[in-house]
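Structure first, commentary second.
The values are calculated or read from the model by the stated rules, or taken from the named source; none is laboratory data. These numbers were taken from a predicted model, which means no experiment stands behind them. Here Cβ is always computed from backbone atoms with ideal geometry, including for glycine, and neighbour counts include all displayed protein chains. Note: accessible area is taken over every heavy atom of the protein model, side chains too, but ligands, DNA and RNA are not part of it. Shrake-Rupley method; radii C 1.70, N 1.55, O 1.52, S 1.80 Å.
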Amino acid sequence: MTDEVAVLGAGMHPWGKWGRGFVEYGTVAARAALADAGVDWRDVGSIVGADTVRGGYPGYVAGATFAKALGWQGARVASVYAACASGAQAVNTARAQILSGLADVVLVVGADAAPKGFFRPPGGDRPDDPDWLRFRVLGATNPTYFGLYARRRMAVHGDTLEDFAQVKVKNAALGALNPNARYRKRVTAEEVAASAVVADPLRLLDICATSDGAAALVLSSMEFARRHGAADPVRIRAVSTVTPRYPNTVLDLPDIATDSAVAAEPAADTFRASIARAAYEEAGVGPEDLSLAEVYDLSTALELQWYEDLGLCGEGEAAKLLREGATAPGGRIPVNVSGGLASFGEAVPAQAIAQVCELTWQLRGAAGDRQVAGARVGITANQGLFGHGSSVIAVR
């Protein structure tokens with residue numbers, strides 16, 4: 001087990017389509033996290049920014065951008081990019097700085113002003129870029145990718161359109177209770193079924209949107225937390241940022257082919273399952289210890305896949321777990337009590353940080369109408385393109 005770091009503060013800028021720049025959103029979230037922590041900006045020793053990339057340019061190099069926006073005060077800066085896993089990489093970088101003694105207090109910020117519609121690659125020819133190839137060679141937009149996963153689950157495990165719709169119904173009901181969510185309206189299974197087909201079998205309400213938004217955390221050493229008067233803070237016990245193992249025999253975009261298993265035996269578990277396993281091993285806990293989970297529901301079908309990858313149930317049993325109500329509020333293991341991406345949409349560098357914000361509020365008992373009773377251990381799960389694992393375990 002790695003030494004723990006304290007989460008002193010959490011803050012967000014609400015998700016939506018606001019028509020302003022990501023720096024403004026990130027600054028709002030950062031100030032909210034500092035206020036929540038009761039920490040003065042001048043006492044922050046380092047700031048880690050999770051980058052977004054637009055047209056090949058990484059978010060003005062986010063660490064220094066946010067340091068400037070908050071007011072230069074000499075803090076260390078770092079900027080990280082790992083696609084949708086950028087937030088977890090930022091948390092891990094901050095944790096490493098604290099545990100190495102480079103800083104007592106670190107501010108982590110991620111923010112995005114997403115383009116309208118689904119993500120697409122920038123122009124130009126980049127035949128060595130797997131993300132460019134999957135768009136140009138296969139025409140595999142993100143919704144196409146999500147639809148393929150849904151079809152796989154239907155074919156292999158017998159999941160149904162009704163199962164997918166129930167994931168949206170659950171998450172929309174929770175998002176309606178979250179003041180930071182973009183979509184705050186309950187939906188019915190009939191409304192999901194009646195929404196437009198985007199990538200068969202998935203409907204519009206099965207797929208998350210692209211959004212503007214920001215999230216921030218103030219992390220510190222346990223010693224600083226005690227001096228600061230936080231006797232029992234939420235603590236980060238594990239961060240998993242693992243990569244896949246060769247050979248990868250399950251198609252996982254942006255890669256457009258699998259590896260041959262002739263020369264090497266495939267790993268015992270899939271890439272996504274290995275992300276969670278590494279987090280559990282570092283934290284010294286297992287799925288049976290969890291109070292809640294925040295997972296990366298790019299689509300309703302992908303949320304079901306995460307149930308299995310986190311070990312909440314056996315392979316092929318995710319739909320059964322959902323139908324039993326185990327992942328709903330009051331169930332054995334509530335999932336996406338924030339409302340998930342179904343209610344927020346993607347704000348790429350912010351979403352893994354936002355997941356930790358939700359764990360923080362839940363473990364403090366401060367989540368209001370979304371509160372999971374007696375929450376003590378929470379996990380996040382996320383995946384970035386190009387093999388970036390992302391999982392954080394927080395405890396109290």
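Picking from Asp255, Asp200, which residue would you name as being on the phi < 0 side of the Ramachandran plot, of a type outside the set (Phe, Trp, Tyr), open to solvent by 10 Å² or more (accessible area, probe 1.4 Å) and at pLDDT below 95?
Within the list Asp255, Asp200, the selection yields Asp255.
When the residues of region 83-122 are filtered to those that are touching a residue at least 24 places away in the same chain (Cβ under 8 Å) and polar (S, T, N, Q), which remaining residue is farthest from Asn382 (Cα to Cα)?
Gln97
Yes or no, residue by residue, for (1) under 30 Å from Leu321 (Cα atoms); (2) not polar (S, T, N, Q):
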{"position": "Val108", "(1), (2)": "no, yes"}
{"position": "Gly139", "(1), (2)": "no, yes"}
{"position": "Asn142", "(1), (2)": "yes, no"}
{"position": "Val156", "(1), (2)": "yes, yes"}
{"position": "Phe164", "(1), (2)": "yes, yes"}
{"position": "Gly175", "(1), (2)": "yes, yes"}
{"position": "Pro179", "(1), (2)": "yes, yes"}
{"position": "Lys185", "(1), (2)": "yes, yes"}
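For Thr243, all conditions in the list (1) modelled with pLDDT of 95 or more; (2) under 19 Å from Thr380 (Cβ atoms); (3) not acidic (Asp, Glu) hold save one; what is the number of the exception?
So the condition that Thr243 fails would be (1).
If only one of Ala225, Ala279 is surrounded by 14 or more Cβ atoms within 10 Å (Cβ to Cβ), more than 23 Å from the chain's Cα centre (by Cα) and closer than 28 Å to Ala30 by Cα, which one is it?
Ala225
Can we say Gly345 is open to solvent by less than 20 Å² (accessible area, probe 1.4 Å), closer than 21 Å to Arg186 by Cα, in the same structural domain as Arg186 (by the TED database) and touching a Ser or Thr at 6+ places or on another chain (Cβ under 6 Å)?
Judged against the criteria, Gly345 is a match.
Mind checking which residues of region 363-387 are open to solvent by less than 10 Å² (accessible area, probe 1.4 Å) and within 16 Å of the chain's Cα centre (by Cα)?
Matches in region 363-387: Gly378, Ile379, Thr380, Ala381, Asn382, Gly384.
Count, please, the residues in region 310-342 that happen to be within 24 Å of Arg376 (Cα to Cα) and buried (at least 24 other Cβ atoms within 10 Å of the Cβ).
Matching residues across region 310-342 total 12.
Report the residue count in region 158-188 for those that are open to solvent by less than 50 Å² (accessible area, probe 1.4 Å) and either not in a helix (DSSP H, G or I) or not small (Gly, Ala, Ser) (or both).
Of the residues in region 158-188, 16 are open to solvent by less than 50 Å² (accessible area, probe 1.4 Å) and either not in a helix (DSSP H, G or I) or not small (Gly, Ala, Ser) (or both).
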